[in-house]
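Engineer: Okay, here's the structure, questions in a sec.
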Amino acid sequence: MARNLQLTPLVFSLLFLMILIKTSQAGSIATYWGLNVSEGNLSTTCGTGIYAYVNLAFLNVFGNGQTPEINLNGHCNPASNGCTFLSEDIKFCQKFGLKVMLSIGGGVGKYFLASPNDAENVATYLWNNFLGGNSSSRPFGDAILDGINFDIQHGSTQYWQDLAKNLKNHSNVYLSASPQCPFPDNFLGTALNTNLFDYLWVQFYNNPQCQYDFSNSNTTNLISSWNQWSSSLKVGKLFLGIPAAPQAAVSGYVPSQVLNAEILPLLRKSPNYGGVMLWNRYYDELTRFFATILESV
């Protein structure tokens, strides 16, 4: 199993400078890691200098009295305590200023919040097992993640605001969310109204009414939806979530030339513009989509 990269002091300094320059620009790139074992290890992902945020995906079983489960799709098996080596990878990423988030939910899984008390219990579990708390069974060892990403696509539509509030009661916890682009999001609308979220990577794909119209080369729906999200967001940064390859989603792929020339110049004018979220690391590595947009983000 691969571990963190071994860097000479010179390479270490150059990589740090590259990430520092990138994060000082108008926007940054976020991605999801943990969805395909062929995407490479986490430290390599962070060591590219491409990303400023990495979501570990997914904790997809939790709530309603269930024993929480993580699925990292072949990278390791948390059920047998086999993911603790990721502690060093996570620390490696954070050493260069990247924020590493645990993404909860996803398109496949069994998750549900039954009540405010249930939300409090889930928050306590997340704090003790992934954030600044203490537990004898931390899946990623002693690494302290930067925060929690809400990628809620089914299950309950209630009590996510309670989960957010309970998590934010702790210091130094970042919250991000991945709502669908139809506004407001069916599952996270109430939670987002708390203004507790630091980053939103809105999914402008698999939603024809608010994504790029590839067949007609039309950006109208996407731009209109972005403006609605941007004007409603009181705090935090807004990211354009798009597939890194046509096969990464059912629909919503945006060719890089369209993104660079017609979309990003408009989005960058938004005061809460944060950058682009590429779904996901596997497809981004496969197509090297990042390389075609890096200078425009």
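Engineer: Among the residues of the range 255-269, what is the count of those that are over 13 Å from V297 (Cβ atoms) and either assigned to a helix (DSSP H, G or I) or open to solvent by 70 Å² or more (accessible area, probe 1.4 Å) (or both)?
Structural biologist: Residues meeting the conditions: 6.
Engineer: Quick test for you: out of N60, N128, pick the one residue that is in a helix (DSSP H, G or I) and modelled with pLDDT of 95 or more.
Structural biologist: N128
Engineer: Which condition does L102 not pass, out of (1) closer than 27 Å to V37 by Cα; (2) open to solvent by less than 40 Å² (accessible area, probe 1.4 Å); (3) part of a loop (DSSP other than H, G, I, E, B), if it passes all the others?
Structural biologist: Result: L102 fails condition (3) only.
Engineer: May I pose another question? Does V108 meet the test of being buried (at least 23 other Cβ atoms within 10 Å of the Cβ) and of a type in the set (V, I, T)?
Structural biologist: no
Engineer: Of the conditions (1) in a strand (DSSP E or B); (2) on the phi < 0 side of the Ramachandran plot, G275 fails just one. Which one is it?
Structural biologist: Every listed condition holds for G275 apart from (2).
Engineer: Under 7 Å by Cβ, and 6 or more places apart or on different chains, what pairs join a residue from the range 139-151 that is touching a residue at least 60 places away in the same chain (Cβ under 8 Å) and of a type in the set (D, E) with one that is crowded, with 24+ Cβ neighbours inside 10 Å and part of a loop (DSSP other than H, G, I, E, B)?
Structural biologist: Note: pairs meeting the criteria are D151/S178.
Engineer: Now a separate question. Which one of these is in contact with a strand residue (DSSP E or B) (Cβ under 9 Å, 6 or more places away or on another chain), free of Cβ contacts under 8 Å to residues at least 40 places away in the same chain and of a type outside the set (D, E, K, R): L259, L294?
Structural biologist: One residue alone meets the criteria, L259.
Engineer: Quick test of your reading of the structure: F96 fulfils all but one of (1) under 20 Å from the mean Cα position of the chain (by Cα); (2) open to solvent by 30 Å² or more (accessible area, probe 1.4 Å); (3) of a type outside the set (D, E). Name the failing condition by number.
Structural biologist: Only one criterion in (1) under 20 Å from the mean Cα position of the chain (by Cα); (2) open to solvent by 30 Å² or more (accessible area, probe 1.4 Å); (3) of a type outside the set (D, E) is unmet by F96, namely (2).
Engineer: Right, here's the next one. Looking at (1) modelled with pLDDT under 95; (2) buried (at least 22 other Cβ atoms within 10 Å of the Cβ), which one does S80 not meet, given that it meets all the others?
Structural biologist: Answer for S80: the failing condition is (2).
Engineer: Among the residues of the range 71-99, write down those that are outside any loop (DSSP other than H, G, I, E, B) and more than 28 Å from Y159 (Cα to Cα). Even if it seems obvious, please write down each step before you answer.
Structural biologist: Filtering the range 71-99 for residues outside any loop (DSSP other than H, G, I, E, B) gives 78-80, 86-95, 99.
Selection gives S80, L86, S87, E88, D89, I90, K91, F92, C93, Q94, K95.
Engineer: Note down all Cβ pairs under 7 Å where the first residue falls in the range 35-47 and is on the phi > 0 side of the Ramachandran plot, the second is in a helix (DSSP H, G or I) and open to solvent by 50 Å² or more (accessible area, probe 1.4 Å), and they're at least six residues apart or on different chains.
Structural biologist: Every condition considered, the pairs that remain are G40/E285.
The values are calculated or read from the model by the stated rules, or taken from the named source; none is laboratory data. Everything quoted here is computed from the prediction, not taken from an experiment. Neighbour counts are summed over all protein chains in view; Cβ atoms, including those assigned to glycine, are modelled from backbone coordinates with ideal geometry. Only protein heavy atoms, including side chains, enter the accessible area calculation; ligands, DNA and RNA are left aside. Shrake-Rupley method; radii C 1.70, N 1.55, O 1.52, S 1.80 Å.
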